[in-house]
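Taking it in order: structure first as structure tokens, then the write-up.
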Amino acid sequence: MITIMRYALLRWRGQIIGWGLALAALSLVIAPLYEAVVQQRALIEGLLQSLPPEFMVLIGNLDRIFSPAGFLEVRYFSMLPLILGVFAVIIGSGLVASDEENGTLDLILAQPVCRVELFIGRWLAFSVALIGILFITWLGLVIAIRGAALDLDGLAVAYPFIGLFGLLSWFGGLALLLSLIVPSRRLAASLSGLVLVASYFVTTLAQLSADLSGLATVSPLTYYQGGGAIEGLNAGDFLGLLLMSIVFVMIGLWLFQRRDIRIAGEGGWRLPSLIQKTQTQ
Amino acid sequence: MNDSLAIQTQALTKSYGKVPALRGVDLEVKRGEVFGFLGPNGSGKTTTIRCLLDLIRPDGGTLRVLGRDPQRESVAVRAQIGYLPGELRLDEGFTVEAALRFFGRLRGNRVDWTYGRELADRLNLDLQLRIKNLSKGNKQKVGIVQALMPRPALLLLDEPTGGLDPLMQQQVLRAIREAQANGATVFFSSHMLSEVEEIADRVGIIRRGVVVEVADPQALIDRSLRRVRVRFKQPIDLSALTQLPGVTLIDRSDGASVLLNVAGDMDQLIKTLAAYPVIEMDTERPTLEEIFLTYYADDQAEAR
């Protein structure tokens, strides 16, 4: 399992560093803006009062922007799920399916490696990759808040990243599970991405409409605290997301153990043949 | 199940949706032999090999590999197998050496690196090259080295010489013979009948998911028809020849030259010919390829 993990991380090392540095750089760009926000508070508050509440919700509750934690929540942590969600669904959907689709899985599983070992090894590598990206991002943020006028404890700003890890695990787990159900990795990534965007809108719009509150309870983003975790992590929400990701992974493992490994380029489902049939009729 | 067998399958079936790939494969490969598995595309060769490795699960039948059930003891079985897939794909980001080290690590480093380097050298394979820069033939060489390097008890090779030039094909066949000499069983599929004829102790012919023949290559050739051309001093009465069991007259151009098909041994024909004034006699032995094609004559006719 160590070899499986190690090689997966080696393969992703560029992405881990790239995503981490890009998000760290983003914090270095955003944090200094806080000073200007504080200086222009009266002007901004005047502008905010003229905006309809719906608009305020959609652009991220700007009325909270004047506290350091609120500023980071609105300008930084609210964006991270969508940005890093892309990484989670792309890597998650390809943990097994990309090697299967490009044909390299055949030779790996012809070695004395059991399917459980491969599957769990890849999942653990994915978790370590997430931790790596989040750690680099957190380091960048700590440097950024030290250089800016944001009076926040470095450890406290780590809490939103812990919550984010739970959320990204949820999406990675979903993408992995879907990759074992639908015929292609690309479709699994697209469907997971769709859930990510839908979840964002449902959770956001539920603040405006009570009709959506029921739907929001099944939206994973509802359980992501974002910058709010700076004032204290909700362990229940975090563990709930993590537990669901483990459920996805376990179902995926159960499916993976029972399925035939496809040869490179081989389609997996009946859908394409059904389409062909209807076209030839 | 027989422990003297490296591979044993009974009534093995496998379908992909409604398409049957294996329709009851019965196969016995003895330990220490080189077994050539012949068949055209889609006949079930690769499906059989992938069942043996537990990459796919058969719908029915039983199989044992080196005395074990590959589904229940997949890791233990695969620890003793070196596999070369027919459609070899390798991680393009690796160098050759890194790829071989990766496969070695998956085996807990139980590989013979000295032999691996020697093989790479014999195959003119540069270990420092990146996989993405290799030709198809050179990638095939990587596959061959990774399969042989652990010195496994069983080699499953799907089209091992595909994409290689004749010189390298000979090197691979030599390596297969060496593996056999060291006690390994070799089960390989091929389209290249000349190489099967050259190294296989026995061949199995699979047709539409069923093994239709298992024999040693020479016996297959001996058992098949021979074409005999005889030239006599003068035209003769051929009835004595055509009445012989297994002898058929194909052509009698001028009465002094005849072309015969002879099934089975030649003993009776030669004894009968001794009574006639024979100037010369030629015997054409069919190649394994010609014999092979007779098994697929129906398929080819249907395809036309």
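The values are calculated or read from the model by the stated rules, or taken from the named source; none is laboratory data. Nothing here was measured: the structure is a model prediction, and the numbers come from that model. Neighbour counts are summed over all protein chains in view; Cβ atoms, including those assigned to glycine, are modelled from backbone coordinates with ideal geometry. Heads up: the accessible areas ignore ligands, DNA and RNA and are worked out on the full protein's heavy atoms, side chains in. Shrake-Rupley method; radii C 1.70, N 1.55, O 1.52, S 1.80 Å.
If you go through segment B:57-83 and keep only what is within 7 Å of another protein chain (Cβ to nearest Cβ), outside any helix (DSSP H, G or I) and surrounded by fewer than 22 Cβ atoms within 10 Å (Cβ to Cβ), you end up with B:Arg57, B:Ala79. Screening B:Arg50 with (1) surrounded by fewer than 24 Cβ atoms within 10 Å (Cβ to Cβ); (2) in a helix (DSSP H, G or I) gives one miss only, at (1).
Just one of (1) open to solvent by 10 Å² or more (accessible area, probe 1.4 Å); (2) touching a residue at least 24 places away in the same chain (Cβ under 8 Å) fails for B:Leu173. It is (1).
Answer yes if at least one residue in segment A:138-152 is under 15 Å from the mean Cα position of the chain (by Cα), in a helix (DSSP H, G or I) and small (Gly, Ala, Ser), and no otherwise.
Let us first name the residues in segment A:138-152 that are under 15 Å from the mean Cα position of the chain (by Cα), namely none.
Within segment A:138-152 (the criterion being under 15 Å from the mean Cα position of the chain (by Cα), in a helix (DSSP H, G or I) and small (Gly, Ala, Ser)), the answer is no, since none of the residues qualifies.
Taking A:Ile181, is it under 17 Å from A:Phe77 (Cα atoms) and open to solvent by 60 Å² or more (accessible area, probe 1.4 Å)? Against the criterion (under 17 Å from A:Phe77 (Cα atoms) and open to solvent by 60 Å² or more (accessible area, probe 1.4 Å)), A:Ile181 does not qualify. Of everything in segment B:180-211, what is out of contact with any strand residue (DSSP E or B) (no Cβ under 6 Å at 6 or more places or on another chain), touching a residue at least 12 places away in the same chain (Cβ under 8 Å) and surrounded by fewer than 22 Cβ atoms within 10 Å (Cβ to Cβ)? Give them in sequence order. Scanning segment B:180-211 gives B:Asn182, B:Gly183, B:His191, B:Met192, B:Leu193, B:Ser194, B:Glu195, B:Glu197, B:Glu198, B:Arg207, B:Arg208. Can you go through B:Gly39, B:Gly32, B:Gly86, B:Gly17 and tell me which one is more than 10 Å from chain A (Cβ to nearest Cβ) and at pLDDT below 90? Residue meeting the stated conditions: B:Gly39. Determine whether segment A:110-122 contains at least one residue that is touching a residue at least 12 places away in the same chain (Cβ under 8 Å), aliphatic (A, V, I, L, M) and away from chain B (no Cβ under 14 Å). Yes, some residue in segment A:110-122 is touching a residue at least 12 places away in the same chain (Cβ under 8 Å), aliphatic (A, V, I, L, M) and away from chain B (no Cβ under 14 Å). Take the conditions (1) in contact (Cβ under 8 Å) with a residue 24 or more places away in the chain; (2) within 14 Å of chain A (Cβ to nearest Cβ); (3) in contact with a helix residue (DSSP H, G or I) (Cβ under 8 Å, 6 or more places away or on another chain); B:Val25 misses just one of them, which is (2).
Restricting segment B:1-25 to residues that are farther than 15 Å from B:Val210 by Cβ and hydroxyl-bearing (Ser, Thr, Tyr), the residue that is nearest to the chain's Cα centre (by Cα) is B:Ser4.
Check B:Gly86, B:Gly36, B:Gly32 and return the single one that is closer than 24 Å to B:Lys139 by Cα and part of a loop (DSSP other than H, G, I, E, B).
None of the others qualify; the one that does is B:Gly86.
When segment A:153-163 is limited to residues that are assigned to a helix (DSSP H, G or I) and not hydroxyl-bearing (Ser, Thr, Tyr), the one that is most open to solvent (accessible area, probe 1.4 Å) turns out to be A:Ile162.
Test B:Thr47 against the stated conditions and say whether it is among the hydroxyl-bearing types (Ser, Thr, Tyr), under 20 Å from the mean Cα position of the chain (by Cα) and more than 9 Å from chain A (Cβ to nearest Cβ). I'd like the intermediate steps shown before the answer.
Numbers: among the hydroxyl-bearing types (Ser, Thr, Tyr): yes; under 20 Å from the mean Cα position of the chain (by Cα): yes; more than 9 Å from chain A (Cβ to nearest Cβ): yes.
Spelling it out, B:Thr47 is indeed among the hydroxyl-bearing types (Ser, Thr, Tyr), under 20 Å from the mean Cα position of the chain (by Cα) and more than 9 Å from chain A (Cβ to nearest Cβ).
Scanning segment B:89-102 for residues that are facing chain A (nearest Cβ under 7 Å) and under 25 Å from B:Thr161 (Cβ atoms) yields B:Arg89, B:Leu90, B:Asp91, B:Phe102.
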